[in-house]
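The structure under discussion appears below in the form of structure tokens.
No value in this document is a laboratory result; all are computed from the given coordinates. Treat the numbers as computed from the prediction; the structure is a model and nothing was measured. Neighbour counts are summed over all protein chains in view; Cβ atoms, including those assigned to glycine, are modelled from backbone coordinates with ideal geometry.
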Amino acid sequence: MEPLVETIIEDPRWQDFGLEPLAERAAQAALAHLGLAAHGFQISLMGCDDPRIASLNADFRGKPTPTNVLSWPSDDRAPPPGQPPEPPDPGPADDPESLGDIAIAYDTCLREAADQAKPAADHVTHLIVHGVLHLLGYDHIHDADAHLMEALEVRILASLGLPDPY
């Protein structure tokens, strides 16, 4: 069976960090929590550094600064405010449905983890879960949506044995 997450390592520090298995575990947990079979979906994840994510942030959000994680859903799955998104339909096992792309920045992630006195792997797991939820149409623009998304993140991370990140 193909992995759920296709990981592209641009910054070799992510290889030593173990991004690929960590991302697979986090994404699998997010989909499982939502009752989605991972084998029908595909996610692309790029592990990069701060200059690369700052460039992407400038290009796509008009903010030329580094950020921890960015996501690009393959479809607009955003529901009306205060409502959960409809789950996407999976593709067949031999042609899974793309949920979209995620980029994650090594420097920012490790700096945030250190600043928050959290294990880096726990913080990165949280950010990948966060990115996957964005691919599925969850957002945190409105307070009700933020509460829904954060509650999901807390439950998904708990399923992995990780503490509440908030």
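Worth pointing out:
- Distance in nm between pseudo-label sites at Leu34 and Asp89 (7 Å out along the Cβ direction from Cα): 1.7 nm
- Taking Cα centre as origin and charging only the Cβ of basic (Lys, Arg, +1) and acidic (Asp, Glu, -1) residues, the dipole magnitude of segment 5-159 rounds to 380 debye.
- Evaluated at q = 0.10, 0.13, 0.19 Å⁻¹: base-10 log I(q)/I(0), Debye formula over Cα of the chain: -0.34, -0.59, -1.33
- Mean Cβ neighbour count within 10 Å, used as a protection proxy, ranking 69-75, 32-38, 21-27 highest first: 21-27, 69-75, 32-38
- Positive-end residue, the chain charge dipole about Cα centroid, Cβ charges, pick of His126, Pro21, Pro96: His126
- Fully extending the segment from Leu160 to Asp143 would add 3.5 nm, taking 0.36 nm per residue of separation and subtracting the current Cα-Cα distance.
- Backbone N atoms of segment 80-96 closer than 15 Å to the 7 Å Cα→Cβ label point of Ala151 belong to residues 82-85.
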